[in-house]
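Data first, discussion second: the structure below is written as structure tokens.
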Amino acid sequence: MTSNRSFSFAIILGAFIVAGALIARPAVGTKTTSIGQGDIGVVDVYSLVDILIMSEEASQQRSDFEAQSNATISEYEQRLIGIQTQMSTMTQDDPNSGQLYAQYQQVTQQIQQATNQINEGYQVLLANQIADAYKTIHAAVNEIAGDQGYTFVLATRRGADLVQTSSLTGVTQEILARPLVTPPEAVDMTEAVRIHLGLPTLEEITAEAEAAQAATEAAAAQEQAEEQEAVEPTPATEITDE
């Protein structure tokens, strides 16, 4: 299982295909509105969700889940190794071989069940993180919309540069995530919402994640080099006649 801060919401963009999704709140003042009237704003909900699920808190939750999951699987694997070690010392006619083989099958099945539960649990964790992120963004959008006098706010991505282009499904999702093809930049509330929530930019959080990954890889390489140096034989000292 891979879990780090570079996790991208684009992977599960389909869960938020809400073409024309509406977040509405009455505008401040006495202006009355009806269908077809009112100021309209747009917000890139997708990029803001990206930022929130790449945050330190959300990333740590996934890391903790991964560590706990690895510990669970490791415990089963150690039991399996112990059984295999015992079986390797037995002959085919050993009366205990059948019992050990049954234990081996049981532990193997337990590993498979635990793996399935972990995968399901991870999906639930991601879904909850995204749902919480959306609620946070929804509340902020409503607050800003009220303050700035927007009656309707549409969730949409801006621009023609698609994120997922390696599959037909990905491209379709990207297009559907843009229900407004040419929303005016002046009505884009995305940056205002980001600042309101005190979030870094997507570029900043990505750069931070990449720097952390680079530091981790450098530390691992240094550790490997030190271990290699420790096992290499020391060159014999040449003895010369005086």
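The values are calculated or read from the model by the stated rules, or taken from the named source; none is laboratory data. In this text, all values refer to a predicted model and were calculated from it rather than measured experimentally. Backbone-built Cβ (ideal geometry, glycine too); neighbour counts: all protein chains shown.
Some observations on this one:
- Test for residue 91: is it farther than 20 Å from residue 199 by Cβ and in contact (Cβ under 8 Å) with a residue 60 or more places away in the chain: no
- Filter pass, residue 179 being loosely packed, with under 15 Cβ neighbours inside 10 Å and either over 17 Å from the mean Cα position of the chain (by Cα) or not aliphatic (A, V, I, L, M) (or both): no
- Within segment 165-192, residues that are closer than 21 Å to residue 145 by Cα reach partners that are aromatic (Phe, Trp, Tyr) and in a loop (DSSP other than H, G, I, E, B) with beta carbons closer than 9 Å, at six or more positions or on different chains, in the pairs 187/150; 189/150.
- The number of residues in segment 152-198 that are in a loop (DSSP other than H, G, I, E, B) and β-branched (Val, Ile, Thr) comes to 5.
Yes or no, residue by residue, for (1) farther than 17 Å from residue 55 by Cα; (2) within 19 Å of the chain's Cα centre (by Cα); (3) at pLDDT below 90; (4) aliphatic (A, V, I, L, M):
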site	(1), (2), (3), (4)
195	no, no, no, yes
199	no, yes, no, yes
203	no, yes, yes, no
206	no, yes, yes, no
213	no, yes, yes, no
222	yes, no, yes, no
225	yes, no, yes, yes
228	yes, no, yes, no
232	yes, no, yes, no
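- Test: residue in segment 121-138 that is touching a strand residue (DSSP E or B) at 6+ places or on another chain (Cβ under 9 Å) and modelled with pLDDT of 90 or more: yes
- Of all residues in segment 90-99, none are surrounded by 15 or more Cβ atoms within 10 Å (Cβ to Cβ), out of contact with any His (no Cβ under 8 Å at 6 or more places or on another chain) and modelled with pLDDT of 85 or more.
For (1) in contact with a helix residue (DSSP H, G or I) (Cβ under 6 Å, 6 or more places away or on another chain); (2) in a helix (DSSP H, G or I); (3) among the acidic types (Asp, Glu), each residue gets a yes or a no:
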position: 77; (1), (2), (3): no, yes, yes
position: 83; (1), (2), (3): yes, yes, no
position: 87; (1), (2), (3): yes, yes, no
position: 91; (1), (2), (3): no, no, no
position: 113; (1), (2), (3): no, yes, no
position: 116; (1), (2), (3): no, yes, no
position: 125; (1), (2), (3): yes, yes, no
position: 135; (1), (2), (3): no, yes, no
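- From the list 107, 18, 28, the lone residue that is surrounded by 13 or more Cβ atoms within 10 Å (Cβ to Cβ), of a type outside the set (S, T, N, Q) and modelled with pLDDT under 85 is 18.
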